[in-house]
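A.B. asks: I have a structure I would like to understand better, so I am pasting it below and will then ask my questions one at a time.
The values are calculated or read from the model by the stated rules, or taken from the named source; none is laboratory data. Here the structure is a predicted model, which means the values were calculated and not measured. Note that each Cβ is placed from the backbone with ideal geometry, even for glycine, and that neighbours are counted across all protein chains shown. Surface areas here come from the heavy atoms of the whole protein model, side chains and all, with no ligands, DNA or RNA. Shrake-Rupley method; radii C 1.70, N 1.55, O 1.52, S 1.80 Å.
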Amino acid sequence: MGAQELFGGGVAVITGAGSGIGAGLARYAAKLGMTTVLADVDAAAVAALRDELSAAGATAVDAVCDVRDAEAVQALADRVNGEIGPVRLLVNNAGIEQFGYLWDTPVANWERVMDINVSGVFHGVRAFLPAMLASEEPAWVCHMSTVGGGSTVPLPAPSIVSKHAVLAPTE
């Protein structure tokens, strides 16, 4: 069974969809025929992507959501499940990087990286997975991590730590 058969017609929720890998994943989900929920803190970016996908004939919904905020992620899940339909694919993709030595990292930067990269994944699973399981339909959860989830390099220490932390609940 191919990706079109597995995912076509389903709903995809992609965090961090406003740019980069998230926007690319959203475009691919749309090509598969999925209703694509574009979640990001950048309202203009997800609105532009929604317009792009809609102009190409896809169904896309933009949603401003800060994955650091558990209540905001839960509100997104409630909206999607109540207004759009059951989620077949959840991609916890939102993430940021922090470069510099660990001992030079400001506490606020450390906390922001952990809140977005780690807590954002937790909030996504907690908000969406119960309804995905209750639907009893096949569904998938994908947590995006960089190569940093499995290896290390010296300068982006906070980012590497956060990507290792994402790997553990994924496995």
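A.B. asks: I'd like the projected area of the chain, averaged over all directions, using the convex hull of its alpha carbons. Report it in nm² with one decimal. Before the final figure, lay out the partial values.
C.D. replies: Values: hull surface 40.0 nm².
Reported value for the Cα convex hull: 10.0 nm².
A.B. asks: Turning to a different aspect of this structure: So what is the 222 nm mean residue ellipticity for the chain from helices alone, if each DSSP H run of at least 4 adds -39500 (n - 2.57) and you divide by all residues, rounding to the nearest 500 deg cm²/dmol? Numbers along the way, then the final one.
C.D. replies: Details: 7 runs with 77 residues, N = 171.
Calculated from helices alone, the mean residue ellipticity at 222 nm is -13500 deg cm²/dmol.
A.B. asks: Between helix 20-31 and the chain, what is the angle of the helix's C-alpha long axis to the longest principal axis, kept within 0 to 90° and rounded to the nearest 10?
C.D. replies: Computed tilt is about 10 degrees.
A.B. asks: Same structure again: Roughly how many Å² is the accessible area per residue of the chain, as a whole number, for a 1.4 Å probe? Before the final figure, lay out each step's value.
C.D. replies: Values: 8760 Å² over 171 residues.
Normalised by residue count, the accessible surface of the chain is 51 Å².
A.B. asks: Something else about it: Can you give me the % of accessible surface on the stretch 25-88 that is carbon or sulfur? Probe 1.4 Å, all protein chains present, nothing else counted. Walk me through the numbers on the way to the answer.
C.D. replies: On the way: 1550 of 3080 Å².
On the stretch 25-88, the fraction of accessible area on carbon and sulfur atoms equals 50 percent.
A.B. asks: HN-Hα J couplings of the stretch 121-127 from phi, Karplus 6.51/-1.76/1.60, θ = phi - 60°, integer Hz, Gly and Pro as x?
C.D. replies: In residue order, the calculated couplings are 5, 4, 4, x, 4, 4, 7 Hz.
A.B. asks: For helix 70-79, what angle does its Cα long axis make with the longest principal axis of the chain, in degrees from 0 to 90 and rounded to 10?
C.D. replies: 10 degrees
A.B. asks: Additional query: So if a site counts as exposed when it's one of the chymotrypsin sites (Phe, Trp or Tyr not before Pro), its DSSP state isn't H, G, I, E or B, and it has at most 16 other Cβ atoms within 10 Å, what's the longest stretch of the chain without one? Working shown, then result.
C.D. replies: Working: sites that count: Phe99, Tyr101.
The segment 1-98 is the longest one with no such site.
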